[in-house]
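The values are calculated or read from the model by the stated rules, or taken from the named source; none is laboratory data. This structure is a prediction, so every number in the text was calculated from the model and none was measured. For neighbour counting, all protein chains shown are included, and Cβ atoms are generated from backbone atoms with ideal geometry for every residue, glycine included.
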Amino acid sequence: MKKILCAILAIALVLSLAACGGGNKKAELKGLGDDILPRLEIKSDVTVPTDFKIGMICLHDENSTYDKNFIDGLKTVQKAMGLSEDQVIIVTGIGEDNSCYDTAVDLAKKGCKIVFADSFGHGDFMLKAAKEYPDVQFCHATGTASKQAGVANFHNAFASIYEGRYLAGIVAGMKLNEMIKDGKIKAEEAIIGYVGAFTYAEVVSGLTSFFLGARSICPTATMKVRYTGSWYDPDQEQEAANALIEKDNCALISQHADSLGAPTACEVAGVPNVSYNGSTYEAGKTTFLVSSAINWAPYFQYIIESVVKGEAFDTDWCGDIESNSVVLSGLNLDVIAEGTEDKLKEAIAGFKAGTLHVFDISTFSSDKIVDGQYLADVDGDYTGETNVIHDGYFDESNAEDFRSAPYFDINIDGITYLNTKF
């Protein structure tokens with residue numbers, strides 16, 4: 001906590017000095033542009049009964065960018081579909097332990113027709129509750145067990161966020177090129193620092209797709225990764241970012257961790273930052289570039305409408321750019337490199353046309369890929385059993401053939417993991 005307070009004071013000092021140093025001249029700041037992939041308005045013609053309830057179990061609270069993203073998504077749908085405050089029950093601070101099961105059961109007893117949980121470790125406890133309450137739909141984000149479980153009222157969901165990460169990487173690559181051009185760094189110093197939570201496939205998939213997006217623009221880019229061993233730890237995330245900047249000579253920082261620790265460190269150090277799960281512009285107006293996120297509102301609408309209409313819905317669901325499930329915040333027009341928006345639009349068009357694939361195996365190398373094949377752990381037993389490479393690319397988060405939750409866990413050349421104990 002002391003580190004955070006010091007960082008806040010440092011930010012205030014930096015901004016104060018910047019304001020004073022300008023004399024009578026005031027720089028004209030442009031601020032944030034419009035969202036590149038905006039969250040679209042929710043429209044529904046389904047009338048929800050007044051006794052219908054949905055419950056949500058969150059690992060943390062709105063101080064976590066990850067949990068806040070889910071909460072905001074559900075509140076958006078609540079408003080659009082006319083649900084009252086009594087019809088939406090959000091429970092925060094529920095660990096990946098038996099307290100999740102207890103909370104899920106409590107929500108079912110309170111009359112919730114749908115119980116949703118937002119963290120990977122909630123899965124086993126949600127499945128246990130689902131078996132005991134067959135008339136309630138239990139939906140679990142980021143999980144892997146629904147297809148194998150064979151329990152009709154237990155569901156998993158995710159989105160092709162690796163595409164959003166790749167787009168955010170393009171923004172980073174453009175910035176690195178600008179820094180090289182301006183003489184701020186040499187080409188070989190285009191080192192990206194990444195603060196990761198755990199060594200799970202979800203994190204590896206995200207950081208790798210971000211790196212590939214950056215390297216598609218800045219071919220000399222490399223990456224160094226430090227893990228914290230926690231989804232949400234402001235102090236550790238700030239310390240990891242500081243180490244990447246000060247010890248590892250990283251010129252730009254991104255993250256798969258849920259606090260403002262890394263963005264705060266970047267703002268103090270004056271290092272460009274790409275965040276996740278929502279814009280951190282207010283915490284880093286001179287360093288924030290862009291943020292990618294999963295928009296959960298389309299999924300919440302989908303499951304609520306399905307249950308209200310008495311219709312079956314996907315056991316395993318994966319949203320994408322077309323379904324408005326992958327979003328990209330507005331660009332910080334005061335920090336991004338010139339031409340960034342055009343590059344993003346070009347890549348988005350490629351994704352929509354199916355001509356651009358994040359994990360095109362011709363764009364990276366790894367000794368894990370043999371004869372153009374890789375056996376991934378799709379069924380969740382931690383043993384690779386399914387070849388997920390076809391047509392020259394690793395087919396990530398394919399819910400129809402494989403599963404929605406990421407299974408890309410390959411270490412590729414150009415990325416150095418500085419600690420992997422988590």
**Item:** Condition broken by D258, with the remaining ones in (1) under 24 Å from P406 (Cα atoms); (2) in contact with a Pro (Cβ under 7 Å, 6 or more places away or on another chain) satisfied
**Value:** (2)
**Request:** Determine whether Y200 is modelled with pLDDT under 95 and either under 22 Å from the mean Cα position of the chain (by Cα) or at negative phi (or both).
**Result:** yes
**Flag for K131 being of a type in the set (D, E, K, R) and surrounded by 16 or more Cβ atoms within 10 Å (Cβ to Cβ)** = no
**Item:** Of all residues making up region 214-273, the number that are part of a strand (DSSP E or B) and charged (D, E, K, R)
**Value:** 2
**Complete:** Per the list (1) at positive phi; (2) surrounded by 11 or more Cβ atoms within 10 Å (Cβ to Cβ); (3) modelled with pLDDT under 95, residue check on G82 breaks on (3)
**Message:** Going residue by residue through region 375-383, is there one that turns out to be closer than 21 Å to L212 by Cβ and in a helix (DSSP H, G or I)?
**Reply:** no
**Fill in**
With criteria (1) at pLDDT 95 or above; (2) charged (D, E, K, R); (3) part of a loop (DSSP other than H, G, I, E, B), D67 comes up short on (3)
**Hits in region 154-168 (condition: in a helix (DSSP H, G or I) and touching a strand residue (DSSP E or B) at 6+ places or on another chain (Cβ under 8 Å))** = I161, E163, G164, R165, L167, A168
**Message:** Just to be sure I understand, how many residues within region 274-289 are surrounded by 22 or more Cβ atoms within 10 Å (Cβ to Cβ) and either in a strand (DSSP E or B) or among the charged types (D, E, K, R) (or both)?
**Reply:** 5
**Prompt:** Got at least one residue in region 315-323 being in contact with a Leu (Cβ under 9 Å, 6 or more places away or on another chain) and touching a residue at least 40 places away in the same chain (Cβ under 8 Å)?
**Reply:** yes
